[in-house]
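Here the structure is laid out as structure tokens; the discussion comes afterwards.
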Amino acid sequence: MEKRLIKKDALAGIAKKMAEEFLVWAPIKKEDNVLFEPLQKDGEPFFAYLNSKNAPKNVFFPHTEALMKFTRTEKGMVFSSDENKADSSVLFGVRPCDAHSFALLDKLFDQEKYQDAYYITKRQNTTVISIACVKPPYASCFCTSVDGAPVASEGADILLTDIGSDYLVELVTPKGEKLAKYFGDAKADAAADTKKNEIAAKAIEAIKSKIPAHEVKPILDKNFDNPFWNTIHGKCLACGTCTYMCPTCHCFDISDEVKGGDGVRIRSWDSCMFPMFTKETSGHNPRVSQKERWRQRTMHKFKYYVDNFNAIACVGCGRCVMSCPVNIDIRKVVEDISKL
Amino acid sequence: MQNPYIPYPVVVDKIITEVDTKDIKTFRFKFVNPEDEAKYAYIPGQFGELSIYGKGESPIGIASSPTQKGYVEFTVQKAGVVTQALHEMEEGTLMGLRGPLGNSWPLEFLEGKNIVIVGGGFAFTTLRSLINYMIFGDNRKRFGNITVIYGARNPGLLLYKDELIEWQKRSDLNINVTVDKGDATWTGREGFVPAVCKDVAPSKENAVAVICGPPVMIRFTLPVFFDLGFSKENIITSLEMRMKCGIGKCGRCNVGSKYVCKDGPVFSLAELDKLTPEY
Ligand SMILES: Cc1cc2nc3c(=O)[nH]c(=O)nc-3n(C[C@H](O)[C@H](O)[C@H](O)COP(=O)(O)OP(=O)(O)OC[C@H]3O[C@@H](n4cnc5c(N)ncnc54)[C@H](O)[C@@H]3O)c2cc1C
Ligand code: SF4
Ligand code: SF4
Ligand code: FES
């Protein structure tokens, strides 16, 4: 693997330089929040951030996106264009947990049968650059419980690790190597590797929040009807914040919009926490209350995804924990399940 | 990479009003690009997404059999936005069709066996596809006895009336059509589907029952087949869940780890027992 060293203050300059050639998504400070947004000409990336408020899944799976357009003819509405397109872009500076989420979403959207053209096109046209968490940003981070680590490159094409004076730049994939020219020509030596490994080990140590995520799978296999499921949802407002914030949640709706003679079919995020999500035209709803919806969300992440893709659909970012207006904590849910 | 969200363009070639209440119609579609018909190669039991630009999409079981060339048929009940718009369409209108989607009736498993088909109400559509497939030409030899038990609330609500008459004429089919309540002209059977199943009492020997209908019908029919000695492996049904993508992505239609759109809609009772009872 190709490895380089760059000066720590060089990052913003590199991002801006890339932005002359590509669409660069970078962390941008917006009032109290940091969000991944396209870096504008006079914009300034904000790399001294903890993590972005929203998950960067938006880059590959936008909150709302056009799938196709259609137009009115004498014989009815007909297809007019496929809106599947993506600019060549760089997603600059995501945390390792969020990069991990891309690897998880790939399993679903890029299956052998039924490839999701919209997701895949954006993913193929985007190079992901991660910045390792040398110091885990939040007390609620639990990536190490769900097959992640604060210094890890899964899902990323390039990994940047702050090793003191410099960033160690690891060009992990061929896609990452294609951007080598932006990272100068200072080759990293063995000492830089050693330093990185020390830092990585320390960062793992620093993650104190732990959940028995793997232990609960066999318990979930057997406890669909356990009365325990009555105990989580009492406070839940069905607001859907947890699923909107989550980097691995991928449920969506498809709907049509018409203006005059033309229209567009769009997809937008949806949530299994919404009562209407599974409601059929007849009025029948297989998930009648918030109890069934919370069970679905938990089961999907810690059992169904494991059954289907052999991976837990949570990266331990803690966003749902921090954002839930009534403080329902998925870590506690998993902890409680492990004791059933 | 083929984009699975883009429908094939189709034209509404023929509309048949199936029932007296006029809220169930069969729509026959032809592909605008003839080469798309081959791409839409389907197996009985699969479904399609009927796509009306500006209104949306609805998953509907394929009612024709792949042995019927040149078109695809769907029988649709008027329900909400999309199905209503469909019912208002005229022959010659252009729209879209996605698919074929889902698994299918397990044809290989059914081969060489005696087949018992039980249908109620308008859920008879993909069973009709299966029957027409099994009785087409040489296909008939690949299956044993075929017994059909089909019921509707009253004679006016029976689907495919002309076909039922044709089927009844065949000596290699045992057709039992029943209505909950007959009318002045009805000379056939009266009675609920479960009772008729009990009466016909198909043998379990080398037999598979394929059952589709409203939940109440299923609830009372299953015990009859258990009493007749049918195992859960040999009772097959088709599920419905609310759907959008139809290809296992939107996360809407799962029952446990299985997506009804992609892994279903057809399951044996034995397979359903392994899933969560959430449908
Ligand atoms: C595998 C399968 C096969 C089906 N086969 C038939 C058939 O042969 N004939 C028939 O008349 N109906 C069939 N249905 C039911 C049919 O899909 C719904 O009645 C229809 O989608 C209602 O859509 P709407 O737009 O008219 O109603 P709206 O209430 O306006 O529906 C909005 C959207 O919700 C979804 N939706 C609502 N109810 C259902 C439902 N029960 N199942 C799936 N999606 C739903 C659809 O995406 C629909 O476009 C089938 C459903 C499934 C899942
Ligand atoms: S479930 Fe919560 S902690 Fe896990 S990835 Fe989603 S938002 Fe992050
Ligand atoms: S964020 Fe909290 S209140 Fe909102 S749906 Fe999720 S669990 Fe319920
Ligand atoms: S309809 Fe989208 S997952 Fe089944």
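In table form, for the structure just shown:
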quantity	calculated
B:Ala209, sole failed condition from (1) among the aliphatic types (A, V, I, L, M); (2) within 14 Å of chain A (Cβ to nearest Cβ); (3) within 17 Å of B:Tyr150 (Cβ to Cβ)	(2)
Any chance B:Glu57 is part of a strand (DSSP E or B), within 14 Å of chain A (Cβ to nearest Cβ), in contact (Cβ under 8 Å) with a residue 60 or more places away in the chain and open to solvent by 20 Å² or more (accessible area, probe 1.4 Å)	yes
Residue check for A:Glu154: in contact with a helix residue (DSSP H, G or I) (Cβ under 6 Å, 6 or more places away or on another chain) and open to solvent by 50 Å² or more (accessible area, probe 1.4 Å)	yes
Selection within region B:60-87 - assigned to a helix (DSSP H, G or I), open to solvent by less than 60 Å² (accessible area, probe 1.4 Å) and farther than 21 Å from B:Gly121 by Cα	B:Ala85
Residue match in region A:67-90 (condition: more than 29 Å from A:Asp262 (Cα to Cα) and either crowded, with 22+ Cβ neighbours inside 10 Å or of a type in the set (Lys, Arg) (or both))	yes
The listed residue being more than 12 Å from ligand 4 (Cβ to nearest atom) and assigned to a strand (DSSP E or B), out of B:Ile211, B:Ile218	B:Ile211
Check on A:Tyr114, within 14 Å of chain B (Cβ to nearest Cβ), farther than 23 Å from A:Leu23 by Cβ and open to solvent by 30 Å² or more (accessible area, probe 1.4 Å)	yes
Residue in region A:265-275 that is within 10 Å of ligand 3 (Cβ to nearest atom), open to solvent by 50 Å² or more (accessible area, probe 1.4 Å) and within 14 Å of another protein chain (Cβ to nearest Cβ) present	yes
Where B:Thr21 falls short, out of the listed (1) within 14 Å of chain A (Cβ to nearest Cβ); (2) open to solvent by 60 Å² or more (accessible area, probe 1.4 Å)	(1)
Pair list, Cβ under 7 Å, 6 or more apart: region A:154-172 residue closer than 12 Å to A:Leu11 by Cα, other residue polar (S, T, N, Q)	A:Leu160/A:Ser130; A:Tyr167/A:Thr161; A:Leu168/A:Thr161
Long-range neighbours under 7 Å by Cβ, at least six apart or interchain, first residue within 9 Å of chain B (Cβ to nearest Cβ) within region A:276-293, second assigned to a helix (DSSP H, G or I) and within 16 Å of ligand 2 (Cβ to nearest atom)	A:Arg287/A:Arg293; A:Arg287/A:Gln296
Leading residue by the ranking (nearest to A:Glu335 (Cα to Cα)) among those in region A:209-232 that are part of a helix (DSSP H, G or I), away from every other protein chain (no Cβ under 12 Å) and of a type in the set (A, V, I, L, M, F, W, C)	A:Val216
Enumeration of residues in region A:30-56 that are in contact with a Leu (Cβ under 7 Å, 6 or more places away or on another chain) and either without any contact (Cβ under 8 Å) to a residue 40 or more places away in the chain or over 23 Å from A:Lys8 (Cβ atoms) (or both)	A:Pro38, A:Lys53, A:Asn54
Flag for A:Asn310 being within 16 Å of ligand 4 (Cβ to nearest atom) and either under 15 Å from B:Glu278 (Cβ atoms) or modelled with pLDDT of 95 or more (or both)	no
Region B:149-175, residues that are more than 22 Å from B:Val224 (Cα to Cα) and among the aliphatic types (A, V, I, L, M)	B:Leu157, B:Leu158, B:Leu159, B:Leu164, B:Ile165
Residue under evaluation A:Ser81, criteria (1) under 30 Å from A:Lys135 (Cβ atoms); (2) over 12 Å from the mean Cα position of the chain (by Cα); (3) of a type in the set (Gly, Ala, Ser), criterion not met	(1)
Lone qualifier among A:Lys178, A:Lys187, A:Lys196, A:Lys235 - being away from chain B (no Cβ under 14 Å) and within 16 Å of ligand 3 (Cβ to nearest atom)	A:Lys235
Only listed residue being more than 22 Å from B:Phe124 (Cβ to Cβ), surrounded by fewer than 20 Cβ atoms within 10 Å (Cβ to Cβ) and within 14 Å of chain A (Cβ to nearest Cβ), chosen from B:Lys274, B:Lys204	B:Lys274
Within region A:245-263, considering residues that are touching a strand residue (DSSP E or B) at 6+ places or on another chain (Cβ under 6 Å) and more than 7 Å from chain B (Cβ to nearest Cβ), the one most open to solvent (accessible area, probe 1.4 Å)	A:Glu257
Filter result (under 19 Å from the mean Cα position of the chain (by Cα) and within 6 Å of ligand 1 (Cβ to nearest atom)) within region B:47-62	B:Phe47, B:Glu57, B:Ser58, B:Pro59, B:Ile60, B:Gly61
Filtered residues of region B:132-149 (kept if under 24 Å from B:Val72 (Cβ atoms) and either in contact (Cβ under 8 Å) with a residue 40 or more places away in the chain or open to solvent by 80 Å² or more (accessible area, probe 1.4 Å) (or both))	B:Asn132, B:Tyr133, B:Phe136, B:Gly137, B:Asp138, B:Asn139
Tabulated pairs, region A:222-236, first over 16 Å from B:Ser257 (Cβ atoms), second more than 16 Å from ligand 3 (Cβ to nearest atom), C-beta under 7 angstrom, 6+ apart or interchain	A:Asn226/A:Leu340; A:Phe228/A:Leu340
Top-ranked residue in region A:233-249 [being farther than 19 Å from A:Gly318 by Cβ and assigned to a loop (DSSP other than H, G, I, E, B); ranked as farthest from ligand 1 (Cβ to nearest atom)]	A:Leu237
Considering residues of region B:32-46 that are of a type in the set (D, E, K, R) and open to solvent by 20 Å² or more (accessible area, probe 1.4 Å) only, the residue farthest from ligand 1 (Cβ to nearest atom)	B:Glu35
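The values are calculated or read from the model by the stated rules, or taken from the named source; none is laboratory data. Keep in mind it's a predicted model, so treat the numbers as computed, not measured. Glycine gets a Cβ as well: all are built from the backbone with ideal geometry, and neighbour counts include every protein chain shown. Surface areas here come from the heavy atoms of the whole protein model, side chains and all, with no ligands, DNA or RNA. Shrake-Rupley method; radii C 1.70, N 1.55, O 1.52, S 1.80 Å.
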